[in-house]
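Engineer: Sharing a structure here in structure tokens format.
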Ligand SMILES: [Zn+2]
């Protein structure tokens, strides 16, 4: 299966935070022939282990996506909703939402004097029900839904879909798992984590269980290359970004150095990323137990947390190569770090 096919399958799957089962089953099917061990934990994190000698590395990509939760159903069968993860009501108007059952609704808003009044209390979801009774036959309070958009190749190598955040990261991990064979210089545990969008929850218990010697997250990051975008030194199509800092983590200099050295040695283009808002699983991993040196490989992505997130094949391909080469190299540890 090509990376594009993997990405299409994963991004079209249903998986708001807490309901990642469909994504996790797809991933198991994609990697089971190339894993030394596969297991899940109590929260639903999926662990895929490739055996190796020496230290242990955990590589995390989250399976969950942003979504909504049903908070109220009125007598005419219209639903009120609240966010699950960082999603804006403005970006939902006119969008279709899909429940796990396959039921589709469309989002609109009440009459507004000014557009700035648009908040969660003003929007509703129309599922085509005639009244409360018929609505409750298919939807209950607390049900979740995700965006409903097909995967598209906008032009060659430019991919658009919902939930690129972070199925793009999941697809990179799947590709690397299937490429690596033979014994690795360190044991690698690929964690497909749950509930990242609610505050890095899955990665927290996964890292506690696995006790890695160092950790990596693979997730999307924002870019500064669109009209009047907030200034940011990351663009689409210039290679994966090696994270320096975001709101959840200051990446350990030894991990950063390791990634940069591997990229340089293998002529892999990369960008350096400082994300001033937002976090990723590395934020949870590095605070585990007595501390775990952690870093992240970021995939540049336009329009993060919308129904049409855009990534570039060049960045994905080089992210795969960087991660693969990294896992085939021996982790130098943190000693002698500042003398390098
Ligand atoms: Zn993410």
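Values in this text are rule-based calculations from the coordinates and carry no lab data. Computed from a predicted model, the values in this text were never measured in an experiment. Quick reminder, even Gly has a Cβ in these numbers, built from the backbone with ideal geometry, and neighbours come from all protein chains shown.
Engineer: Which whole-angstrom value gives the distance between the alpha carbon centres of region 313-335 and region 63-122?
Structural biologist: 39
Engineer: Compute the Cα gyration tensor for the chain, then decide on rounded, prolate or oblate, letting a ≥ b ≥ c be the square roots of its eigenvalues: rounded whenever a/c is under 1.5, prolate when a/b is larger than b/c in the other cases, and oblate in all that remain.
Structural biologist: Here the chain falls in the prolate category.
Engineer: Do the sum for the chain: with -39,500 (n - 2.57) for every DSSP H run of n ≥ 4, divided by all residues, what is the mean residue ellipticity at 222 nm, to the nearest 500 deg cm²/dmol?
Structural biologist: -7500 deg cm²/dmol
Engineer: Can you tell me which of 243-252, 220-229 comes out highest on packing, and rank the rest after it, using the mean Cβ neighbours within 10 Å?
Structural biologist: 243-252, 220-229
Engineer: Let me ask you something else. For the chain, modelled as a GNM with alpha-carbon contacts under 10 angstrom, which of 20, 40, 65 fluctuates the most?
Structural biologist: 40
Engineer: I would also like to ask the following. How would you order 11-17, 183-189, 161-167 from highest to lowest mean count of nearby Cβ atoms within 10 Å?
Structural biologist: Per-residue Cβ counts within 10 Å, averaged per peptide and sorted highest first, yield 161-167, 11-17, 183-189.
Engineer: Using label points projected 7 Å from each Cα along Cα→Cβ, tell me how many nm separate residue 130 and residue 290, to one decimal.
Structural biologist: It is 6.8 nm.
Engineer: Another question, if that's okay. With a ≥ b ≥ c the root eigenvalues of the C-alpha gyration tensor of region 67-147, is it rounded (a/c under 1.5), prolate (a/b larger than b/c) or oblate?
Structural biologist: oblate
Engineer: Sorted by packing (mean other beta-carbon atoms within 10 Å per residue), highest first, where do 94-102, 206-214, 172-180 land?
Structural biologist: Put in order of decreasing packing, that is 172-180, 206-214, 94-102.
Engineer: Would you list 297, 81, 38 from fewest to most Cβ contacts within 10 Å?
Structural biologist: By the 10 Å Cβ count, ascending: 38, 81, 297.
Engineer: So, one more: Want the number for residue 51 to residue 335: 0.36 nm per residue separation, take away the alpha-carbon distance, what's left?
Structural biologist: 99.8 nm
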